[in-house]
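Remarks on the structure that follows.
The values are calculated or read from the model by the stated rules, or taken from the named source; none is laboratory data. This structure is a prediction, so every number in the text was calculated from the model and none was measured. Here the Cβ positions follow ideal geometry from the backbone for every residue, glycine too, while neighbour counts run over all protein chains shown.
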Amino acid sequence: MRLSVAILILFHGFKKFNYGISGAKALVLKAGLPEFLAYGVYMGELIIPFLLIAGLFTRISALILSTTMIVAIYLGFEDKFLMLDAKTGGPLIELPLLYLLVSLSIVFLGAGKYSLDQKLHLS
């Protein structure tokens, strides 16, 4: 579970790393929040996934990822929160909601047997 969510989130992080976060900045500004908050996307989508892959500080990393997804849902889908996708029939917030729920599961389950947390007795 840890690897799945972290690797998939990394795709989003690498895109933002290569092409910038202008979209995130626009959403943050539209919500009336300070622009510097948009830079949190680098932590949530680049740094945190690497910690999750390693299984290091797993619970707190998963909590940060959960918070990132809550913010993404709020900023990106606030006016479409309950809408369904005409193509798939699923909710428009399906992907970020799935990331949110999986990362919350990791918060409660922990890193698991194969992790640095386990090796270093941090869990």
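What residue, of Leu51, Leu10, is of a type in the set (A, V, I, L, M), in contact with an Asp or Glu (Cβ under 8 Å, 6 or more places away or on another chain) and within 25 Å of Gly112 (Cβ to Cβ)?
Just one listed residue meets the conditions, Leu10.
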(message) On the basis of being modelled with pLDDT of 95 or more and surrounded by fewer than 20 Cβ atoms within 10 Å (Cβ to Cβ), does Leu33 make the cut?
(response) no
(message) What pairs come out if I take residues in the range 93-112 that are free of Cβ contacts under 8 Å to residues at least 12 places away in the same chain and pair them with residues that are among the polar types (S, T, N, Q) whose C-beta lies under 9 Å away, six or more apart or interchain?
(response) Glu94/Thr88; Leu101/Ser66
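Residue-wise test of (1) loosely packed, with under 12 Cβ neighbours inside 10 Å; (2) part of a helix (DSSP H, G or I); (3) out of contact with any strand residue (DSSP E or B) (no Cβ under 6 Å at 6 or more places or on another chain).
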site	(1), (2), (3)
His12	no, yes, yes
Leu29	no, yes, yes
Ala38	no, yes, yes
Leu56	no, no, yes
Thr67	no, yes, yes
Ala86	yes, no, yes
